[in-house]
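Read the structure below first, then the notes.
The values are calculated or read from the model by the stated rules, or taken from the named source; none is laboratory data. All values derive from a computational prediction rather than experimental measurement. Using ideal geometry, Cβ is built from the backbone for each residue, glycine included, and neighbour counts are taken over all protein chains shown. Each accessible area value is taken on the protein alone, full model and side chains, heavy atoms only, with ligands, DNA and RNA left out. Shrake-Rupley method; radii C 1.70, N 1.55, O 1.52, S 1.80 Å.
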Amino acid sequence: MTCCQEPDDDDDISMEEPAPTATTTEEPENPDWSAQCGQRTIDASGTDHSNATTRFEFPWSVALFNIKMLFGKTIREFLCGGTLIDDYVVVTAARCVHQRSVDGLRVQLGRWNMDERHEPRNQVVSAIQSEIAVERVISHPNYVPSSRVHNIALLTLARGVTVGRAANRICLPDPNINPTTDRLCYVTGWRNIPLQNISNNLQKFPVEFNDRKDCTQRIRDATGVSGFRLPKENICPKYSDDVPICPRAPGSALICTSDSSNIEQQYFLVGIASHDMAKGCSKSRTPEVFLETSNYVRWIDEHLVEQGREPSYSRPDPLDSSE
């Protein structure tokens, strides 16, 4: 996905001098990469703290944009996060695409920082050159905008992603397996709210899982809705780091390994960020609500088959260490 010319000057690319960075647009060297789903590129160089990421660390993370013209200039409006599950399919939250025209929807691979003032110009250009139009939106038929129930959608891309170390699909979980605390899990994504003078780069946060009763009660306390009940399709991650957490953008991924013994394992998509009642960043905060992906794997499979795709392509094939 390399182009021979840079975007037009009308594109909304910051022309300021880029800040120094340790990342690169080139694929990282990794001789052990197996081309299977869920394998990430481990590259911790350039990270400033434990929640930082590098550009290719989570190669299934994509950014969803809406393209529009404003005063004759092309504007890319960041909408949500998304996750690549097939070289033609991205999964995100239905609220991100509800009542939006498919004509303006684009996904970018390799985008790391949403703030172009802190992103080197060549990185922004590279992300725009790897931008792919969305050809079709499939929202869950039972999605309810008011309650955010069944908040999931599939995006069929206009062309396939070239799968590699820089852009790989994540594995989908077995519908019969529930997430447990003995797995290594992260919430990954961009912030949902802007912070002054702080860049919005992709971050990762280690999480465990809130008890459903505790999650329900905390949401009741925060909202004043005494009769609230957490839908069975939803889960609440609990952040394990004692650091202020800002809400992730809708569609962000909750990912886990098969167990916590080895970070080199394959990752699978456990949850999709649905909604958050918090108004800002804090250590003690209202739980974020995620859609539990295992409840929707069969629905996803049906649409993959309908589009001529192979569901096993996004299944967690165990990595063979002897290869």
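Against the test of being at pLDDT below 50 and under 24 Å from Pro206 (Cα atoms), the options Ala19, Ala93, Ala44 yield a single qualifying residue, Ala44. Of all the numbered requirements in (1) of a type outside the set (Gly, Ala, Ser); (2) part of a loop (DSSP other than H, G, I, E, B); (3) in contact with a helix residue (DSSP H, G or I) (Cβ under 9 Å, 6 or more places away or on another chain); (4) under 28 Å from Ser34 (Cα atoms), Thr156 misses one, and that requirement is (2). Looking only at the range 68-95, residues that are touching a Gly at 6+ places or on another chain (Cβ under 7 Å) and either under 19 Å from Val161 (Cβ atoms) or assigned to a strand (DSSP E or B) (or both) come to 9 in all. Within the bounds of the range 70-79, is there any residue that is polar (S, T, N, Q) and modelled with pLDDT of 95 or more? No, the conditions are met nowhere in the range 70-79. Looking across the range 185-226, the residues that are in contact with a Lys or Arg (Cβ under 8 Å, 6 or more places away or on another chain), farther than 20 Å from Cys80 by Cβ and without any contact (Cβ under 8 Å) to a residue 60 or more places away in the chain come down to Glu208, Phe209, Thr216, Ser226. Report yes if Arg136 is in a strand (DSSP E or B) and under 29 Å from Val102 (Cα atoms), otherwise no. Considered against the rule, which asks whether it is in a strand (DSSP E or B) and under 29 Å from Val102 (Cα atoms), Arg136 comes out as yes. Taking the conditions (1) assigned to a loop (DSSP other than H, G, I, E, B); (2) modelled with pLDDT under 90; (3) not charged (D, E, K, R) in turn, His275 satisfies each one other than (1). Looking across the range 208-257 at every residue that is open to solvent by 60 Å² or more (accessible area, probe 1.4 Å) and within 23 Å of the chain's Cα centre (by Cα), the one that is farthest from His150 (Cα to Cα) is identified as Asp242.
The condition (being hydroxyl-bearing (Ser, Thr, Tyr) and surrounded by 17 or more Cβ atoms within 10 Å (Cβ to Cβ)) is satisfied by just one residue among Ser61, Ser101: Ser61.
For the range 222-231, indicate whether the set of residues that are at pLDDT below 90 and assigned to a strand (DSSP E or B) is non-empty. Among the residues of the range 222-231, not one is at pLDDT below 90 and assigned to a strand (DSSP E or B), which makes the answer no.
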